[in-house]
Structure formats: structure tokens, C-alpha cells
Amino acid sequence: MNKQEYQFKFEVYDSIDDLNKEDAWLLSEAREVTQHAYAPYSHFQVGAIARLDNGEIVAGSNQENASFPVGLCAERVLLAAAASLFPKVPITTIAISYHNDNGQSNHPISPCGICRQSLLEYENRVKHPIRLILGGMEGKVYIIERAGMLLPLSFTAEDLS
Ligand SMILES: [Zn+2]
């Protein structure tokens with residue numbers, strides 16, 4: 001028997017003001033796009049914005065329905081839109097923000113398990129890492145260099161062959 005170790009490092013910034021211009025703009029857009037969320041059941045509005053390798057910007061927000069909790073997270077709405085509009089174009093960075101019905105949030109949230117799987121698969125299919133910028137409407141910001149790092153010992157297409 002031997003023990004394996006998985007190291008996970010990410011950057012922590014005190015606020016959006018400490019980010020470089022491009023990253024700050026992307027996070028501010030993610031904050032804006034929370035307004036397009038349809039979340040009458042969870043009252044939890046999430047916005048995601050991607051910058052693609054070709055310079056295009058694609059948005060996603062969570063979309064619920066009456067058979068709650070069946071619904072789509074902002075991250076997977078974004079990935080589906082990006083894949084449909086710009087197939088095979090890598091996503092370089094995704095910023096994700098959120099708030100409650102009062103429009104408030106003060107710490108970063110991280111993608112749910114299903115979205116982690118989808119992000120990893122997107123990285124694998126276009127062979128390009130996706131940077132994540134995670135932040136609320138205010139407060140600290142996390143930057144993760146590769147979304148797949150959020151899913152150690154992941155289950156991938158290679159396991160199916
Ligand atoms: Zn999710």
C-alpha cells in the first residue's frame with residue numbers, strides 16, 4: 001500500500017479590484033448576467049461568462065422549472081451555448097457570480113458536481129484548460145487555473161473504452 005497525494009492550489013484575491021483588467025471585466029459581466037437567471041424556486045441567481053479562444057464572449061445563467069430541482073446550472077447553460085455557437089473553439093476563461101433574491105453575495109461559490117464533470121469534459125474535448133474566476137457580488141475572488149482540478153480521480157471517456 002502507498003498513499004497518494006493530490007495537491008490543489010488556487011489564487012485568492014481580496015476583491016475584484018485586485019484582478020487584472022480582463023479578469024475584472026469578465027467577473028463584472030458575470031455579476032450582470034445573474035439578472036438573466038430564471039430561478040423562482042431556488043431564489044439563487046447564478047451568472048457565468050466565458051471568453052473564448054477566438055475572442056467571443058458567451059453567457060449563461062441558471063434556468064429552473066416547476067419540477068424543481070430539475071433545472072440547468074449557469075455553467076452548463078453556458079457550455080451548451082458555447083458548443084452550439086462556436087463548436088470546437090476552446091474556452092479560455094469562465095467567470096461565475098451569483099446572488100440571492102436581495103441581490104447580495106459576499107464570497108465565491110464553486111461549480112456543483114455535475115458542472116465539474118461537464119467542465120472537465122469540455123476541457124478534454126477541445127484539449128484546452130478552462131480558467132475559472134469565482135466571486136460573489138462583493139468579497140474575495142478565487143482563480144483556478146484549470147477547471148478539471150476540481151475533480152480529482154475523475155471519470156472520463158477513456159474509462160469507457
Ligand atoms: Zn452546476
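Computed from the coordinates by the stated procedures, all read-outs in this text should not be read as laboratory data. Bear in mind the structure is a predicted one, so any value in this text is a computation, not a measurement. Don't worry about glycine lacking a Cβ; one is built from the backbone with ideal geometry, like all the others, and counts go over all protein chains shown.
Identify, from the list Thr34, Thr92, the residue that is hydroxyl-bearing (Ser, Thr, Tyr) and crowded, with 20+ Cβ neighbours inside 10 Å. Even if it seems obvious, please write down each step before you answer.
On the way: Thr92 fails: crowded, with 20+ Cβ neighbours inside 10 Å.
Unique residue meeting the criteria: Thr34.
Every residue in region 131-161 that is of a type in the set (A, V, I, L, M, F, W, C) and assigned to a loop (DSSP other than H, G, I, E, B), please. Show your work before the answer.
The initial filter retains those residues of region 131-161 that are of a type in the set (A, V, I, L, M, F, W, C), namely 132-134, 137, 141, 143-144, 147, 149-151, 153, 155, 157, 160.
Answer for region 131-161, where residues must be of a type in the set (A, V, I, L, M, F, W, C) and assigned to a loop (DSSP other than H, G, I, E, B): Met137, Leu151, Leu153, Phe155.
Among all residue pairs at least 6 apart or on different chains, which show Cβ distances below 9 Å where the first residue, located in region 19-47, is over 16 Å from Asn100 (Cβ atoms) and the second is of a type in the set (Asp, Glu) and assigned to a helix (DSSP H, G or I)?
Hits for this filter: Ala24/Asp17; Ala24/Asp18.
In region 106-130, which residues are part of a loop (DSSP other than H, G, I, E, B) and more than 16 Å from the ligand (Cβ to nearest atom)?
In the first step, residues of region 106-130 are kept if they are part of a loop (DSSP other than H, G, I, E, B); the result is 106-112, 127-130.
Those that are part of a loop (DSSP other than H, G, I, E, B) and more than 16 Å from the ligand (Cβ to nearest atom): Asn106, His107, Lys127, His128, Pro129.
Filter region 31-45 down to residues that are more than 15 Å from Val77 (Cα to Cα) and not in a helix (DSSP H, G or I), then give me how many there are. Break it down into steps so the answer makes sense when it comes.
Taking region 31-45 first, the residues more than 15 Å from Val77 (Cα to Cα) are 31-32, 40-44.
Imposing the further condition that a residue be not in a helix (DSSP H, G or I) reduces the set to 40-44.
Total satisfying the criteria: 5.
The rows are residues; the columns are (1) touching a strand residue (DSSP E or B) at 6+ places or on another chain (Cβ under 8 Å); (2) of a type in the set (A, V, I, L, M, F, W, C); (3) in a strand (DSSP E or B).
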residue: Gly55; (1), (2), (3): no, no, no
residue: Glu75; (1), (2), (3): yes, no, no
residue: Leu79; (1), (2), (3): yes, yes, no
residue: Ile96; (1), (2), (3): yes, yes, yes
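Looking for whichever is hydrophobic (A, V, I, L, M, F, W, C) and buried (at least 21 other Cβ atoms within 10 Å of the Cβ) here; the options are Ala24, Ala48, Ala80. Which one fits? So that I can check it myself, show each step before the final result.
Values: Ala24 fails: buried (at least 21 other Cβ atoms within 10 Å of the Cβ); Ala80 fails: buried (at least 21 other Cβ atoms within 10 Å of the Cβ).
Step by step, each of Ala24, Ala48, Ala80 is checked, and only Ala48 is hydrophobic (A, V, I, L, M, F, W, C) and buried (at least 21 other Cβ atoms within 10 Å of the Cβ).
Conditions first: (1) among the polar types (S, T, N, Q); (2) loosely packed, with under 15 Cβ neighbours inside 10 Å; (3) more than 23 Å from Arg31 (Cβ to Cβ). Asn106 passes all but one, so which condition is the exception?
(3)
Of the conditions (1) within 14 Å of the ligand (Cβ to nearest atom); (2) crowded, with 21+ Cβ neighbours inside 10 Å; (3) within 13 Å of Ala48 (Cα to Cα), Leu72 clears all except one; give me its number.
For Leu72, the failing item is (2).
Could you tell me which of the residues Val89, Val70, Val46, Val77 is more than 20 Å from Arg116 (Cβ to Cβ) and of a type in the set (Val, Ile, Thr)? Explain how you work it out, then say what you get.
Working: Val70 fails: more than 20 Å from Arg116 (Cβ to Cβ); Val46 fails: more than 20 Å from Arg116 (Cβ to Cβ); Val77 fails: more than 20 Å from Arg116 (Cβ to Cβ).
Step by step, each of Val89, Val70, Val46, Val77 is checked, and only Val89 is more than 20 Å from Arg116 (Cβ to Cβ) and of a type in the set (Val, Ile, Thr).
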